[in-house]
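Reviewing the structure listed below.
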Amino acid sequence: MLTYNLQLAWRSLFQRRSLTILMIAAVGIGLGILMTVRTMAYQARQLPVGEKSYSLHFLQMDGRSVEGDAFEQWFEGDAITHRDARMLMNADTAARQQTYLWKTDVIVSSEDRDLLPRRSSGLVGLSNFFEMFDAPFLYGSAWSEEANDSAEPVAVISKDYNDYFFAGENSVGRRLNLGTHTVTVIGVLDDWRINRRYYDMTFDPAGRDDVFISDSLAQEFNLVRTVQMGCYGGDADQAGDFATNDIQGLVNSECAWVLFWAELNSAESIQEYKQGIERHMSAQQEFGRFPREDQTYFLTNVAEHIELVGQFRGRQAFLQLMSNLFFAVCLINAIGILLAKFTSKAREISLRRALGAKKTTIMTQHLLEVAIIGILGGIVGLALSYVGLIGMRNIVVYSSDYTIAAQDIAHAFRLNWVMIGNAFLIAIGSTILVGLYPIWRVCNGKPAQQLKAQ
Amino acid sequence: MLKMNDVSKIYRTELVETHALRNVNLEIQEGEFVSVTGPSGSGKTTFLNLTGLLESFEHGEYFFDGQNVRGLHDAQLSRIRNEKIGFVFQSFNLIPDLPIYENVEVPLRYRGMGAKERRGRIEHALSTVGLTSRLGHLPTQLSGGQQQRVAIARALAGEPRILLADEPTGNLDSVMARQVMDLLHEINDNGTTIIMVTHDPELASRAQRNIRIFDGEVSVVQPLNTDVLVDREEKQSAHV
């Protein structure tokens with residue numbers, strides 16, 4: 001019976017063909033716009049390092065003077081001072097591992113004079129950064145742990161830079177210039193696709209770091225600091241100087257500018273780590289630091305960050321609302337179209353009932369028809385959302401004055417199997433939902449009246 | 001075959017209550033050919049629809065093939081319609097998009113019959129009405145008389161106990177009408193009970209019994225001439 005119903009449902013699509021096309025178009029267009037926005041929202045909420053997003057914790061400690069309101073949320077707070085970062089690195093903590101980093105801007109050039117230098121976003125950190133944040137190596141490796149402190153002139157570069165400066169060859173041992181300084185390439189990263197640059201708290205979906213060097217080397221080269229600096233009291237006046245010139249002053253200051261991460265794999269270790277932080281702050285308070293009574297600190301994981309950052313606000317939230325409303329309008333239209341389509345078949349349905357079809361059989365036939373329309377609407381909707389996502393991606397590229405390359409943000413506008421499955425579920429589910437009333441109407445018509453002689 | 005005791009049918013709207021049938025008391029034996037006559041709007045079609053379980057009724061009892069149909073739910077009524085009742089309508093009611101074969105197939109599909117058995121029954125039914133060569137034609141490619149014969153074949157394919165015909169010749173010219181009537185009599189001769197609504201007194205007179213409905217009431221029921229049934233049984237026995 002199911003096969004017969006399926007045959008009838010399929011045939012019915014070709015009766016009153018214009019209504020079928022209209023119905024598919026209504027579902028498809030509404031779904032296309034809905035899935036464009038939903039895919040963007042979905043990709044924005046994607047965790048950048050899978051399960052590790054729950055174990056990588058970002059530490060903030062409020063070392064400000066007593067003036068000013070207390071920070072209530074992690075996103076209000078600053079990073080930590082270089083001094084605290086160093087002390088915590090040397091402390092015995094519950095973390096599986098800890099690291100810290102800061103950002104710089106540097107002009108990179110090679111010995112090949114034909115290649116134009118590139119202005120690069122650089123990451124300054126420790127050798128365990130790569131393992132901690134799952135950065136894959138194509139060639140070589142990170143610098144040694146000893147090199148963290150010895151300012152050994154070595155650097156890890158991105159695959160893109162390796163392709164540009166060394167034509168994709170294994171460049172380990174080759175030289176690059178960072179500004180006026182020369183370093184040796186010690187490692188080349190493979191394609192490191194993360195949907196957001198979460199580790200430097202910019203959450204930039206497009207930006208990428210191309211050069212990675214140790215903290216000690218960056219200090220020796222006195223590379224510019226491009227992180228946000230929380231300098232208060234006497235340090236506030238010197239923030240500009242700290243950013244570009246006096247690095248030793250900055251390292252020894254009470255400015256919070258170092259991004260500190262701890263890998264904590266269990267609730268117990270988190271608890272224990274927090275206790276360690278509280279002990280550290282109390283101990284430092286005795287030296288006149290952390291003057292605030294509340295001793296505020298935040299220990300938040302990547303998943304928490306993404307939950308906040310991934311939320312659609314402002315223009316995006318409006319877009320989301322409009323796409324939902326538009327889809328609802330399309331579905332309401334679909335009810336009318338289905339009613340018209342099914343009403344035109346009332347006589348045939350009455351005849352089938354007279355000849356022995358049960359109401360449930362007629363209902364099944366029409367549910368199948370509606371489901372097929374849903375599937376076809378889903379296909380149209382997916383095709384439209386594919387085009388819509390390309391359009392939205394191009395708008396972002398255009399809005400950035402082409403400083404962002406389309407391929408760098410492609411992941412934020414990409415349909416994946418989850419979204420494709422979602423699209424079909426929404427399409428089939430919603431068409432069945434809007435089809436319920438027309439189907440109920442058509443199944444509960446009075447056959448005798450329809451079959452009366454005309 | 002069927003028996004009605006005080007059956008009434010009322011159509012209600014917000015303003016009006018219309019008694020389509022009032023206290024119908026009737027019994028029809030298996031194998032009878034009964035004509036139903038009456039003026040327009042008298043309740044003939046309502047009576048036929050009610051007999052064919054396409055309409056519910058408010059009062060009384062209706063026994064179909066010994067079973068009280070009052071209170072049966074949709075699936076049970078559908079099954080009875082599918083297995084025991086054949087319908088022939090004035091306007092043929094063939095499905096225009098389906099070829100003749102598939103039109104005749106419809107009731108058999110809802111019976112869940114296998115493809116081989118369906119084919120056998122369809123070919124037999126169409127040969128009975130003389131349309132074997134038109135299996136692949138669409139209804140619109142046939143004349144009115146042929147379409148009505150297809151409708152009869154559709155009713156016959158299910159081998160019903162009773163065939164309900166609502167003005168089966170109403171849309172046909174006299175020659176075709178005679179052919180269709182001959183066919184119905186042939187079917188009745190083979191033992192199928194037939195109830196036929198008609199306006200035509202001549203066609204009505206060819207039935208074994210006539211039921212006259214006036215203003216929703218069965219006003220005249222000719223007594224059953226049981227000789228006809230006995231004669232036919234004897235003929236059938238002799239044939240066997």
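See the values below:
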| quantity | calculated |
| --- | --- |
| Scan of region A:30-71 for residues that are surrounded by fewer than 18 Cβ atoms within 10 Å (Cβ to Cβ), hydrophobic (A, V, I, L, M, F, W, C) and part of a helix (DSSP H, G or I), ordered by number | A:A41 |
| Residues that are within 7 Å of chain A (Cβ to nearest Cβ) and farther than 28 Å from B:R149 by Cα, drawn from region B:61-97 | B:D74, B:A75 |
| Among the residues listed as A:D112, A:D84, the single one being farther than 23 Å from A:I270 by Cα and not in a strand (DSSP E or B) | A:D112 |
| B:G158, sole failed condition from (1) at pLDDT 85 or above; (2) surrounded by fewer than 17 Cβ atoms within 10 Å (Cβ to Cβ); (3) not polar (S, T, N, Q) | (2) |
| Cβ-Cβ under 6 Å pairs, at least 6 apart or on other chains, region A:320-336 side in contact (Cβ under 8 Å) with a residue 60 or more places away in the chain, far side of a type outside the set (S, T, N, Q) and not in a helix (DSSP H, G or I) | A:Q320/A:F312 |
| Members of region B:39-75 found to be touching a strand residue (DSSP E or B) at 6+ places or on another chain (Cβ under 6 Å), small (G, A, S) and either at pLDDT 90 or above or on the phi < 0 side of the Ramachandran plot (or both), listed by number | B:S42, B:G52, B:G60 |
| Tally, over region A:156-193, of residues that are of a type outside the set (D, E, K, R), surrounded by fewer than 20 Cβ atoms within 10 Å (Cβ to Cβ) and under 28 Å from the mean Cα position of the chain (by Cα) | 2 |
| Test set (1) crowded, with 18+ Cβ neighbours inside 10 Å; (2) within 14 Å of chain A (Cβ to nearest Cβ); (3) of a type in the set (A, V, I, L, M) - B:L138 fails condition number | (1) |
| Residue selected from region A:128-139 under the condition surrounded by fewer than 20 Cβ atoms within 10 Å (Cβ to Cβ) and not in a helix (DSSP H, G or I), by the criterion nearest to the chain's Cα centre (by Cα) | A:D134 |
| Region B:96-107, subset surrounded by fewer than 21 Cβ atoms within 10 Å (Cβ to Cβ) and in contact with a Leu (Cβ under 8 Å, 6 or more places away or on another chain), residue nearest to B:F47 (Cα to Cα) | B:P96 |
| Residue among B:S56, B:S91 that alone is among the hydroxyl-bearing types (S, T, Y), more than 30 Å from A:L13 (Cβ to Cβ) and surrounded by fewer than 22 Cβ atoms within 10 Å (Cβ to Cβ) | B:S56 |
| Cβ-Cβ under 6 Å pairs, at least 6 apart or on other chains, region A:58-74 side within 21 Å of A:G234 (Cα to Cα), far side crowded, with 18+ Cβ neighbours inside 10 Å and of a type in the set (V, I, T) | A:M61/A:I80; A:D62/A:T296; A:A70/A:T296; A:F71/A:T296 |
| When residues of region B:147-185 are limited to those that are among the charged types (D, E, K, R) and in a helix (DSSP H, G or I), the one farthest from the other protein chains (Cβ to nearest Cβ) | B:D182 |
| Subset tally (residues that are away from chain B (no Cβ under 14 Å) and either surrounded by fewer than 21 Cβ atoms within 10 Å (Cβ to Cβ) or not in a helix (DSSP H, G or I) (or both)) for region A:332-379 | 14 |
| Filter result (buried (at least 19 other Cβ atoms within 10 Å of the Cβ) and not hydrophobic (A, V, I, L, M, F, W, C)) within region A:380-421 | A:G381, A:S385, A:G388, A:R393 |
| Hits in region A:4-27 (condition: more than 12 Å from every other protein chain (Cβ to nearest Cβ) and of a type in the set (S, T, Y)) | A:S18, A:T20 |
| Residue match in region B:137-144 (condition: in a strand (DSSP E or B) and not aliphatic (A, V, I, L, M)) | no |
| Matching residues, region A:87-109, being assigned to a helix (DSSP H, G or I) and surrounded by fewer than 21 Cβ atoms within 10 Å (Cβ to Cβ) | A:M87, A:M89, A:N90 |
| Test for B:Y110: is it surrounded by 17 or more Cβ atoms within 10 Å (Cβ to Cβ) and more than 28 Å from B:N5 (Cβ to Cβ) | yes |
| For B:T45: the one exception among (1) within 14 Å of another protein chain (Cβ to nearest Cβ); (2) crowded, with 18+ Cβ neighbours inside 10 Å; (3) without any contact (Cβ under 8 Å) to a residue 24 or more places away in the chain | (3) |
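Conditions (1) of a type outside the set (S, T, Y); (2) touching a Leu at 6+ places or on another chain (Cβ under 7 Å); (3) modelled with pLDDT of 95 or more, marked per residue:
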residue	(1), (2), (3)
A:L115	yes, no, no
A:R119	yes, no, no
A:L123	yes, yes, yes
A:Y139	no, no, yes
A:W143	yes, no, yes
A:D149	yes, no, no
A:P153	yes, yes, yes
A:V156	yes, yes, yes
A:D160	yes, no, no
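The rows are residues; the columns are (1) under 33 Å from the mean Cα position of the chain (by Cα); (2) within 30 Å of A:H181 (Cα to Cα).
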| residue | (1), (2) |
| --- | --- |
| A:Q7 | no, no |
| A:R11 | no, no |
| A:S55 | yes, no |
| A:I80 | yes, yes |
| A:M87 | yes, yes |
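The values are calculated or read from the model by the stated rules, or taken from the named source; none is laboratory data. Note that the structure is predicted; figures quoted are calculated from it, not measured. Methodologically, a virtual Cβ is constructed for each residue, glycine included, from the backbone with ideal geometry; neighbour enumeration extends over all protein chains shown.
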